[in-house]
1. Which one of these is surrounded by 11 or more Cβ atoms within 10 Å (Cβ to Cβ) and not assigned by TED's automatic domain parsing to the domain that holds Val125: Gly67, Gly48?
2. Select, from Ile65, Ile127, the only residue that is touching a residue at least 40 places away in the same chain (Cβ under 8 Å) and farther than 30 Å from Ala10 by Cα.
3. Looking for whichever is loosely packed, with under 12 Cβ neighbours inside 10 Å and not assigned by TED's automatic domain parsing to the domain that holds Ile7 here; the options are Asp90, Asp62. Which one fits?
4. How many of the residues in segment 92-110 are free of Cβ contacts under 8 Å to residues at least 24 places away in the same chain, over 19 Å from Asn81 (Cα atoms) and of a type outside the set (S, T, N, Q)?
5. Any residue in segment 70-81 that's closer than 10 Å to Gln57 by Cβ: show its pairings with residues that are surrounded by fewer than 17 Cβ atoms within 10 Å (Cβ to Cβ) at Cβ separation under 6 Å, as long as the two are six or more apart or on different chains.
6. Test of understanding: among Thr95, Thr113, which residue is closer than 25 Å to Ile8 by Cβ and among the hydroxyl-bearing types (Ser, Thr, Tyr)?
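The values are calculated or read from the model by the stated rules, or taken from the named source; none is laboratory data. In this text, all values refer to a predicted model and were calculated from it rather than measured experimentally. Cβ sites come from the backbone with ideal geometry, for glycine too, and all protein chains shown count toward neighbours.
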Amino acid sequence: MAYLPNIIFAIILIYAILFFSKNIRSIVRNINRGKPIDRSDQPAKRWGNVFRIALGQSKMVDRPISGILHIIVYVGFVVINIELIEIVLDGLLGTHRLFAPYMGSMYNVLIATFEVFAALVLISVVIFWLRRNAIKI
C-alpha cells in the first residue's frame, strides 16, 4: 500500500504521455497533408531564423510592453519545465525534493528562482488577459 500513490502517479503519467503522443501524431499528419516545398536552399539563413525568431523571440521586442511580458512567459515556462523534471521524478520515486541533498544551499536559490518565474508568468498572463478582454487592445 505504501507504493499506491506512486503507481497511481505512474498510470496518470503514462496516460498523459499517450495522450500527448496521439496529439503529436495528429499534428504531424496534418502537416504532412500540405504540399511539399523544397526548403533546403539556404540552410544557414533558415537555421539562423529558427534561433533568432523561434527560440530568441526577436519579433516580440517590436512592442516593448507586450514583448517584455511575452519574453517573461516564454522564459518562465522554460524554467518551470526544468522544475517539472524533479516533480515527475519525485512522483515516480516517492521522494520529496530529490535533488536537494546533492545541491546544498544552491537548491533553495534555484527553487526560489523557479517560484519567482512562476509568479511573473502568472502576473504576465493576467495582464495579457486584461489587455485582451477588459481593455480590448
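1. Values: Gly67 fails: not assigned by TED's automatic domain parsing to the domain that holds Val125.
Gly48 is the lone residue from the list that is surrounded by 11 or more Cβ atoms within 10 Å (Cβ to Cβ) and not assigned by TED's automatic domain parsing to the domain that holds Val125.
2. After applying the criteria, what remains is Ile127.
3. Of the residues listed, the single one that is loosely packed, with under 12 Cβ neighbours inside 10 Å and not assigned by TED's automatic domain parsing to the domain that holds Ile7 is Asp62.
4. Count: 3.
5. Ile71/Gln57; Tyr74/Gln57
6. Of Thr95, Thr113, the one residue that is closer than 25 Å to Ile8 by Cβ and among the hydroxyl-bearing types (Ser, Thr, Tyr) is Thr95.
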